[in-house]
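For reference, the structure discussed in these notes is given below.
The values are calculated or read from the model by the stated rules, or taken from the named source; none is laboratory data. For clarity, every value in this text was computed on a predicted model and none was experimentally measured. Counting neighbours? That spans all protein chains shown, and the Cβs are built from the backbone with ideal geometry, glycine included.
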């Protein structure tokens, strides 16, 4: 059962980071922040590391909930891949960017564990889609499902690398759309290509 009190506390802490800056989510600063109920904060956290762990845990729960509640059954494989990919792109870095990179540097082991869980969730979804697309005749039968799925994850991770694509210089949507089209065209059959091109003309 979801702990709503803890969930709301984590949500408040994330809002503080986004609105007031990363320095304000240190536990000593949060204790004096009027937006945070001090007694609730002390009930669940005793240091900054515990806060980071709970934020990562919360992020993964939100990510998994999105896919458990979404119905992809009525789409063909290409439509499903587009829908899933947009959701993945939107929520892959759901964590406030400044908090995301701060915790990546401050708690690398915790961050890596969280990141690996997120990547594994994406990997499973893409594998399922590839198998479905091959059965429907939209994707080539000679594809290595595991290699292609891991290649997709690698491309997605690259999009979130601020060294490669600084947010202030590049549009994430533009890069995502380009990445997605390149990926689709690398795996489709002639039938799949025709369907993809018909979708582009409509959109």
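Condition (residue is assigned to a helix (DSSP H, G or I), closer than 30 Å to residue 127 by Cβ and modelled with pLDDT of 85 or more) applied to region 57-75: is it met by at least one residue? Let's see the steps before the verdict.
Within region 57-75, the subset assigned to a helix (DSSP H, G or I) is 57-69.
Now drop any that are not closer than 30 Å to residue 127 by Cβ, which leaves 57-69.
Within this subset, residues satisfying the condition of being modelled with pLDDT of 85 or more are 57.
The answer is yes, given that some residue of region 57-75 is assigned to a helix (DSSP H, G or I), closer than 30 Å to residue 127 by Cβ and modelled with pLDDT of 85 or more.
Within region 156-187, no residue satisfies the criterion of being more than 19 Å from residue 86 (Cα to Cα) and modelled with pLDDT of 75 or more. Considering region 3-54, the residues that are free of Cβ contacts under 8 Å to residues at least 12 places away in the same chain and part of a loop (DSSP other than H, G, I, E, B) include one that is surrounded by the fewest Cβ atoms within 10 Å (Cβ to Cβ), namely 34.
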